[in-house]
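The values are calculated or read from the model by the stated rules, or taken from the named source; none is laboratory data. Keep in mind that what you see is a predicted model, and the values were worked out from it rather than measured. All Cβ positions, glycine included, derive from the backbone under ideal geometry; neighbour counts span all protein chains shown.
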Amino acid sequence: MKRTTQDPGYLSQTDAIMWMVEADPLLRSTILGVVLLDRSPDWDRLVERVERVTRQVPGLRHKVVRPPLHPTLLRWEVDGDFDIYFHLRRVALAAPAGREQVLEFARHCSMQGFDRARPLWEFTLIEGLEHGAAALVMKVHHVLTDGVGSVQLAAYLFDFEVDADGSGAEPPPAPAADGHDFMSRLRDVVEHDVEGLVDFARRNAPSAVPNLLHAIRHPQQAIADTVSVIRSIGRTVAPNTETLSPIMTERHLATCLRTMDVPLKHLHDAAKVAGGTVNDGFLAGISGGLRRYHELHGAEVDELRVSMPINLRTKDDAAGGNHVTVMRFKVPVGLSDAAERIAALHALGQGIRAEPSLAYTGVIAGALNLLPKQVIGSMLKHVDFLASNVPGVPIPMYLLGAEVQRFYPFGPTAGSAVNITLMSYRDTCCLGVNIDAKAIVDHDVFMDCLRAGFDEVLDLEPKVGQPTTTAAEQPAQQAAIEPVRREGE
């Protein structure tokens with residue numbers, strides 16, 4: 001069933017996994033965006049702006065419901081009781097309040113689950129900060145959008161000129177509640193399953209005969225290709241029963257949020273020296289910091305297990321939505337030379353992008369959804385860390401005249417020890433660090449190690465007199481692992 005404005009359709013199998021494993025609160029899939037503003041925008045105008053955005057991006061007015069008689073299927077449905085003032089709030093912190101107090105407020109927000117009877121987002125304007133500043137804490141469930149989708153949604157909320165009025169064309173009317181009863185929902189489920197089978201056959205029928213002829217003419221190659229796919233799927237779903245880190249082993253509901261800034265151009269130029277990308281430099285900085293942290297605790301590690309999103313978004317996908325799959329793999333941590341780490345990570349990234357299992361993401365997720373949720377939860381809780389690299393906005397943004405100073409993203413720990421998410425804004429890589437407070441108890445020490453790991457990478461940057469990248473040559477910041485291009489994209 002095709003997704004439309006009034007009928008947003010069904011959640012993907014990947015989204016369904018994130019939704020269902022949240023029976024364990026450690027595995028909540030909450031995304032936070034903390035926006036630091038130079039001043040507070042007008043409240044009444046902000047309410048109007050956000051209400052307008054919910055009409056332009058109607059997914060913000062939909063909630064998740066479970067259709068009848070289908071254990072692994074979830075669908076979006078219009079919330080007939082939508083209340084803008086439940087989702088958009090306003091608070092003032094006790095003076096003097098600054099970034100530390102904003103992060104503490106955001107930390108409490110991130111640890112609270114969503115009201116599943118409502119759309120899965122909450123925005124809070126924080127006023128009363130030092131020097132007249134303000135902040136906007138945006139809390140969104142991962143099934144509503146991914147990192148790239150969050151940036152796309154920001155384009156509706158924020159302005160790119162300080163005096164922009166943001167009115168534009170009249171937005172579409174708010175979606176009306178559908179009023180489905182039990183039988184109509186049941187018919188929709190049957191129709192969805194039938195259309196899914198027909199669509200699968202339509203997409204695969206054109207290649208069936210050529211593939212069969214290829215197998216007849218080249219049987220050995222066909223067998224090798226099949227074995228390669230099976231092995232790739234095996235690597236994707238292989239269970240991990242213990243963390244590779246000997247010290248970041250505990251898991252707890254309490255978290256700690258920290259931030260870090262890294263100059264984008266410096267990171268790009270430093271990574272380029274070693275033949276890598278911004279993402280390679282990002283991972284090299286993290287792995288260098290983790291090596292230092294383990295060494296301080298008397299533990300040596302050669303590899304750690306990371307989960308990273310792969311962007312599957314195409315130009316035809318609507319703003320928002322979740323269009324990623326997540327790959328688990330081991331990264332080299334024991335390499336003390338930053339250039340060697342970048343080179344190794346670059347080669348590793350190329351291998352991940354070439355995994356045959358990527359073409360079977362939906363099928364794999366559907367199979368995993370049939371497993372007991374404890375099995376999936378055990379796999380997630382033995383990932384050492386999560387990392388995500390989101391391409392951001394290279395120009396200044398404003399919220400009703402208030403200038404955006406920084407935009408920090410925080411991804412969920414989702415059972416890991418720490419999630420480190422990078423989003424570029426203007427000329428800065430804004431890093432949001434979400435730490436499991438039980439897995440990493442000495443937060444300041446960890447952050448010092450992380451900064452030192454990035455310093456190792458930045459020290460590779462060409463010195464004065466050496467060739468470097470000009471602003472015109474510097475490519476746009478890329479997603480964590482670049483989109484896999486498939487036929488028709």
- Assuming Ile440 fulfils every condition listed in (1) more than 20 Å from Ile17 (Cβ to Cβ); (2) at pLDDT 95 or above; (3) not in a loop (DSSP other than H, G, I, E, B) apart from one, which condition is it? (3)
- Query: Would a scan of the range 412-427 turn up a residue that is in a loop (DSSP other than H, G, I, E, B) and in contact with a Pro (Cβ under 8 Å, 6 or more places away or on another chain)?
  - Reply: yes
- Can you name every residue in the range 128-163 that is under 13 Å from Leu60 (Cβ atoms), surrounded by 24 or more Cβ atoms within 10 Å (Cβ to Cβ) and out of contact with any helix residue (DSSP H, G or I) (no Cβ under 9 Å at 6 or more places or on another chain)? Gly149
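When only residues in the range 124-160 that are part of a helix (DSSP H, G or I) and not hydrophobic (A, V, I, L, M, F, W, C) count, which is nearest to Thr421 (Cα to Cα)? So that I can check it myself, show each step before the final result.
Of the range 124-160, the ones part of a helix (DSSP H, G or I) are 130-132, 147-157.
Applying the additional criterion that residues be not hydrophobic (A, V, I, L, M, F, W, C) yields 130-132, 147, 149-150, 152, 156.
Values: Glu130: 26, His131: 28, Gly132: 28, Gly147: 9, Gly149: 15, Ser150: 13, Gln152: 17, Tyr156: 22 Å.
Filtering the range 124-160 for residues that are part of a helix (DSSP H, G or I) and not hydrophobic (A, V, I, L, M, F, W, C), the one nearest to Thr421 (Cα to Cα) comes out as Gly147.
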- Residue check: is Met1 more than 30 Å from Gly401 (Cα to Cα), modelled with pLDDT under 85, among the aliphatic types (A, V, I, L, M) and within 21 Å of the chain's Cα centre (by Cα)? no
- Kindly provide the set of residues from the range 85-123 that are surrounded by fewer than 18 Cβ atoms within 10 Å (Cβ to Cβ), assigned to a strand (DSSP E or B) and without any contact (Cβ under 8 Å) to a residue 40 or more places away in the chain, ordered by number. Arg89, Val91, Ala92
- Message: Of the residues Gly289, Gly298, Gly321, only one is modelled with pLDDT of 95 or more and in contact with a helix residue (DSSP H, G or I) (Cβ under 6 Å, 6 or more places away or on another chain); which?
- Response: Gly289
